[in-house]
Amino acid sequence: MKTNIVKIGNANMSGHTEVPDGSLLEGADSAGLTHAEREMTEMLLTMFERRMRGGASYAEGTIELGMGAVRGFLNFVKLPPWKWLPRHVDEFISHKVLHDDIGYGRQSTYLTYLRQLQNMLLSDRGLCNEIHQRFGIQPQMFVNKENSIAIKRKGQSRKKVIKTLSAEECQMLIQEFDVQIKLAKQSSSKAYRPLMRDKTITMLLLMTGLRVDELVNLTVHNFAPDASYPNFGNFALLTVLKGKCHKTRVVRLYNPLIKDLMEWYLDRVRPGFLSKDTEDFDLLFLSERGQELCTEQVRRMLKKMVAAAGVSARVTPHILRHTYATQMAPIIGPEALQEQLGHEHLSTTLGTYYHQDPQLVGDTIRQGVNNFARAAAMMTEGL
């Protein structure tokens, strides 16, 4: 059965339909614009699309989302971007909430892409001068702190509390793999080889902090040795080529166990997934049919194994990423962890991915209080 996916700015939400080759204003209601305004607006949208595709290196789905958001807003205000005002943004968000019942996530998405278009426009002095000369208007900010702070606060108040796995829970999960692998081997089950692959996937996520989409795109050539760490063999460094926004980064591997794990997987497990139908023989992880794994397969596998292991916490590949960050932050430091995770801002690493253990915090505070009490006693002794 074919499913209809509703995207921001499509006909179900903002009047935007699929855009054919040609004008970027196709599907946007620009009837109220003069020919000159329409021409300039289309040029701005073209610049915006090129910036997302070139400078930001967004994926096609992200670019479509951003362009749909801008067209949806254009449909509502029926004014060219240099006439947009903060009150238009307020009215638009209110309209979408009341009539389309959009939630915080969709509201935030609209503001994100409108702000990006605004930054592009206002940062180009020559473009602003041209608009002023042609239309007698100086472009100004339309997304500001006032019309976005409410959504930001709302999002912070709704942010889900993420519970990372403890060392004991990680051990329970891996032990469940070992039990099921042993049973599958004894019964000659066809699940035997996939279980070994899935154990490798889970341990790799826990030892690298990779995103699940980065993991399914790994190849056997992404690992490299480091002469300074011979005990890691050929698995001291991992190059992630298809990271977020297509950014490449190198991840240093800190657990020597990675060498035994990957050699075991490459020698005894992976060859069983290769077949004459395999299209990409370099992929590290393959499906039972020898094709590329999808991220949803990994999520379903992990959910099933967590339930079987008796781990009560909700576990996803992203939770394993948070778990890695929480365990590694005290060991390698925040700056190194930021590079490992591929974050642009350190605040994201520390504010979102590092989850302090309340017990450890309590012990630290208690120790500090005791130290202060002893110091105070020594200072006042004899008075």
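The values are calculated or read from the model by the stated rules, or taken from the named source; none is laboratory data. Because the structure is predicted, anything quoted here is derived from the model rather than measured. Reconstructed Cβ throughout: ideal geometry from the backbone, glycine too, with neighbour counts over all protein chains shown. Each accessible area value is taken on the protein alone, full model and side chains, heavy atoms only, with ligands, DNA and RNA left out. Shrake-Rupley method; radii C 1.70, N 1.55, O 1.52, S 1.80 Å.
With r as the distance between the Cβ atoms of Leu241 and Phe135 and R0 = 35 Å, compute the FRET efficiency 1/(1 + (r/R0)^6) and round to 0.05. Don't skip to the answer; put the middle values down first.
Details: r = 45 Å, r/R0 = 1.28.
That gives a FRET efficiency of 0.20.
What are the residues whose amide H is under 5 Å from the amide H of Val251, where those residues sit 5 or more places off or on another chain and H is modelled from the backbone?
Leu238, Thr239, Val240
Ordered by residue, what ³J(HN,Hα) values in Hz, to whole numbers, does segment 78-89 give under the Karplus form 6.51 cos²θ - 1.76 cosθ + 1.60, where θ = phi - 60° and Gly and Pro are x?
6, 9, x, x, 6, 9, 6, 10, x, 5, 5, 5
Once the Cβ-Cβ distance between Asn234 and Arg300 is put in as r, and R0 is 45 Å, what FRET efficiency do you end up with, to the nearest 0.05?
Working: r = 31 Å, r/R0 = 0.69.
Efficiency at R0 = 45 Å is approximately 0.90.
What list of ³J(HN,Hα) values in whole Hz, one per residue of segment 323-334 in order, does the Karplus curve 6.51 cos²θ - 1.76 cosθ + 1.60 (θ = phi - 60°) give from phi, with Gly and Pro shown as x?
Those phi angles translate into 4, 4, 4, 5, 6, 8, 3, x, 8, 9, x, x Hz.
Tell me, what % of the accessible area of segment 39-152 is carbon and sulfur with a 1.4 angstrom probe?
On the way: 2740 of 5480 Å².
Reported share for carbon and sulfur atoms: 50 percent.
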